[in-house]
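The values are calculated or read from the model by the stated rules, or taken from the named source; none is laboratory data. Just so it is clear, the model here is predicted, and its values are computed rather than measured. We place every Cβ from the backbone using ideal geometry, glycine too, and count neighbours over all the protein chains shown.
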Amino acid sequence: MGIVYINNRSTKKKANKKPGWKQVEAEYEQWLMKHGTHPSQRKKEQPEPYVSPKETYVRETPYYPSLSTGRGETSKAKSHQYTGDYFVGIATMHKSNLVPVGREQDARDYATMRRN
């Protein structure tokens with residue numbers, strides 16, 4: 001016969017049982033049997049599958065095929081470009097607040113407004 005190694009490094013701590021624990025456990029087993037809740041008395045039944053009280057309504061949606069060929073065809077947006085001659089440029093007022101500058105207004109007014 002070979003050498004038998006015993007693992008004494010168990011991570012579980014043994015419960016310190018007091019004297020008379022066997023009698024208390026036997027009484028508890030009797031009590032469970034009396035009330036019909038002992039594990040040996042339990043029935044192992046499978047739960048009944050859920051049956052919906054009524055059929056679910058499914059809305060029928062008509063199928064409309066797409067007109068695109070799959071290449072992402074879209075028309076080009078029109079470019080917005082100012083064609084008049086009133087506005088000369090854009091001035092920055094405070095914290096990137098852009099203000100249009102017209103011919104009658106002086107751009108110097110906006111420049112000094114930021115510093116004074």
Original post:
Restricting the first residue to segment 69-90 and requiring it to be closer than 30 Å to G102 by Cα, which pairs with a second residue that is at pLDDT below 80 and surrounded by 10 or more Cβ atoms within 10 Å (Cβ to Cβ) meet a Cβ separation below 8 Å and a spacing of at least six or different chains?
Top reply: V88/A107; G89/A107
**OP:** Considering (1) at pLDDT below 85; (2) not in a loop (DSSP other than H, G, I, E, B), say which one M33 fails and leave the rest.
**Re:** (1)
**OP:** Please give the number of the condition E73 fails out of (1) outside any loop (DSSP other than H, G, I, E, B); (2) at pLDDT below 80.
**Re:** (1)
